[in-house]
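Here the structure is laid out as structure tokens; the discussion comes afterwards.
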Amino acid sequence: MKGCITLSNGHTFDGDWISDNQYGSGEVVFYTGMTGYEQVLTDPSYQGQIVVFSYPFIGNYGFDNKSMESAKIQVAGVVMAECFEFAAKDNRQSIVDLLNAYQIPALTNVDTRSLIQQIRIKGSLPAVMHVPSIIPDSFQLEEYWPTTSMKKKGSGDTHIVLIDFGYKKSIVDALVNEGCRVTIVPFDQDIANIEKLNPDGFLFSNGSGDPMRFSAYFHRYKNLAMRYPTLGICLGHQILALAFGGETRKLKFGHRGANQPVMNLKTGKVSMSSQNHSYVVQKESLAETGFNIWFENVNDGSVEGLWHHSFDVASVQFHPEAAPGPNEHKEIFQNFIKSVQHTEKVRSYA
């Protein structure tokens, strides 16, 4: 069956429809990694987005549920140049079977190069995926909110409370592997209930969308970050900057993929990172926040990480858990945990 993706600016790209669900809508973005489609499809940071894979051949190693970053497929749609017809084996299934199981619209044999060029020129746009018999009548984007209830993972002595804005499983796994006990709480959990958990430190998670929609809780987040060692990742990084008085803006087409170069301004070292975000912290807004720039994007000079000179607060725009992507930033978790454990020791002798 034929199908297409229609952008809100009127451009249409045709392809072969390979999904049972014949209609879908979302913000169209592109992912540049050669691998990692399992993690991308299930990463809550991609919620509400139609993902165009720039690599021309997707699905060749199937899909393993063990690689899922959440309990379901999160993307609003998938567009590929070619999709491999993987034969299910060794606990792996095909992407097509998985997308159908979750009723996710999907297109293949699409001119993804031209589609991505359109996104780079016009920016990320609302789009509709549909079969010819359905005429799109609205490009209104839906707003998504995380709905996680409280969960506990691991059994270590160091207790990290993760504020959930749409967290990836790999972030929790990284903390547990470093010997932490992790409690995941909803983004709107009140301070009194959080304090009852007796946390040692906080991690503000990744997530999707505009960080300003959480503005009603900024005072709460700042209160916690000023009193406990805190690490922010991706959306959590943006929210911490906003909570301390910074500002954010939306990029034209965002940073997505497993090959984004960042420079550590403390060391001058350049490393590769995995990213998915549309918004960035504005440098000029940081003057009165107490934050210093930690990492910077080599390509466009945008802010990729912060550290606070008065409080034990740090954040990164990229994903140090590296799923998918290069495993060059594991020390960010390790340094955060050392900071938490040092604070624990100081408290115990206070």
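The values are calculated or read from the model by the stated rules, or taken from the named source; none is laboratory data. Every value quoted in this text rests on a predicted model; they were computed, and no experiment measured them. Here Cβ is always computed from backbone atoms with ideal geometry, including for glycine, and neighbour counts include all displayed protein chains. These area figures cover heavy atoms from the full protein model, side chains too; ligands, DNA and RNA do not enter into them. Shrake-Rupley method; radii C 1.70, N 1.55, O 1.52, S 1.80 Å.
Just a few scattered comments:
- Restriction of the trypsin sites (Lys or Arg not before Pro) in the range 256-331 to DSSP coil positions whose beta-carbon has at most 13 other beta-carbons within 10 angstrom yields Lys266, Lys269.
- Dipole size of the range 228-339 about its Cα centre, with +1 on Lys/Arg Cβ and -1 on Asp/Glu Cβ: approximately 180 debye, rounded to the nearest 20.
- Förster radius 30 Å - calculated FRET efficiency between Asn60 and Asp300 (Cβ-Cβ, nearest 0.05): 0.40
- Degrees separating the helix 112-122 axis from the principal Cα axis of the chain, which is the longest one: 60 degrees
- Carbon + sulfur, % of accessible area of the range 1-59 - ligands and nucleic acids excluded, 1.4 Å: 52 percent
- For Pro136, the shell of other residues with beta-carbons less than 15 Å away shows a net charge of -4, using +1 for Lys and Arg and -1 for Asp and Glu.
- Near-label residues of the range 41-59 by backbone N, under 18 Å of a point 7 Å along Cα→Cβ of Ala101: 41-44, 59
- Shown in residue order for the range 309-326 are the 3J(HN,Hα) couplings computed by the Karplus curve 6.51 cos²θ - 1.76 cosθ + 1.60 at θ = phi - 60°: 7, 10, 10, 7, 10, 9, 7, 9, 7, 8, 10, x, 6, 6, 9, x, x, x Hz (x for Gly and Pro).
- Per-pair calculated FRET efficiency, R0 = 45 Å: His219 and Gln22 via Cβ, rounded to 0.05: 0.50
- Antiparallel DSSP beta bridges within the chain, percent to nearest 5: 60 percent
- The range 281-350 - percent of accessible surface contributed by carbon and sulfur, probe 1.4 Å: 50 percent
- The range 153-289: C-alpha gyration tensor shape, a/c 1.5 cut-off, then a/b vs b/c: oblate
- Normalising the average separation of contacting C-alpha pairs (under 8 angstrom, six or more residues apart) by the number of residues puts the relative contact order of the chain at 15 percent.
- Under 13 Å, Cβ to Cβ, from Gly290 - net charge with Lys/Arg +1 and Asp/Glu -1: -1
- Estimated at 0.36 nm per residue, the fully extended path between Met34 and Asn264 surpasses their Cα-Cα distance by 80.3 nm.
- Eligible aspartates and glutamates near Lys89 by straight Cα distance, threshold 19 Å, same-chain separation 8 or greater: Glu38, Asp64, Asp97
- Oblate is the label for the range 203-350, because a/c, from the alpha-carbon gyration tensor with a ≥ b ≥ c as root eigenvalues, is 1.5 or above and a/b does not exceed b/c.
- The length gained on full extension between Asn177 and Phe84, counted as 0.36 nm times the residue separation minus their Cα-Cα distance, comes to 30.1 nm.
- Longest DSSP-loop-exposure-free segment, GluC sites (Glu not before Pro), the chain, at most 12 other Cβ within 10 Å: 144-287
- Distance from the alpha carbon centroid of the range 202-226 to that of the range 296-317 works out to 16 angstrom.
- Global geometry of the range 169-223, whether rounded, prolate or oblate, following the gyration tensor of its Cα atoms and the 1.5 cut on a/c: oblate
- Alpha-carbon centroids, the range 122-148 and the range 182-196: separation in whole Å: 33 Å
- In this structure, Ser114 and Ile135 have a Cβ-Cβ separation that, at R0 = 25 Å, corresponds to a calculated FRET efficiency of about 0.65.
- Computed over neighbours whose Cβ is under 15 Å from that of Asn100, the net charge equals -3, Lys and Arg +1, Asp and Glu -1.
- Whole-percent carbon and sulfur share, accessible surface of the range 83-198, 1.4 Å: 45 percent
- Fully extended contour minus Cα-Cα distance, from Trp145 to Arg227, at 0.36 nm per residue: 26.9 nm
- The residues of the chain present an accessible area of 42 Å² per residue when probed at 1.4 Å with all protein chains retained.
- Taking every DSSP helix (H) stretch of at least 4 residues in the chain, weighting each as -39,500 (n - 2.57) and dividing the sum by the residue count yields a mean residue ellipticity at 222 nm of -6500 deg cm²/dmol.
- Positive-end residue of Leu175, Val313, Val303, charge dipole of the chain with Cβ unit charges: Val313
- Compared with the dominant principal axis of the Cα atoms in the chain, helix 218-227 is inclined by about 40°.
- Spin-label model distance (nm) - Glu195 vs Lys330, 7 Å beyond Cα toward Cβ: 3.8 nm
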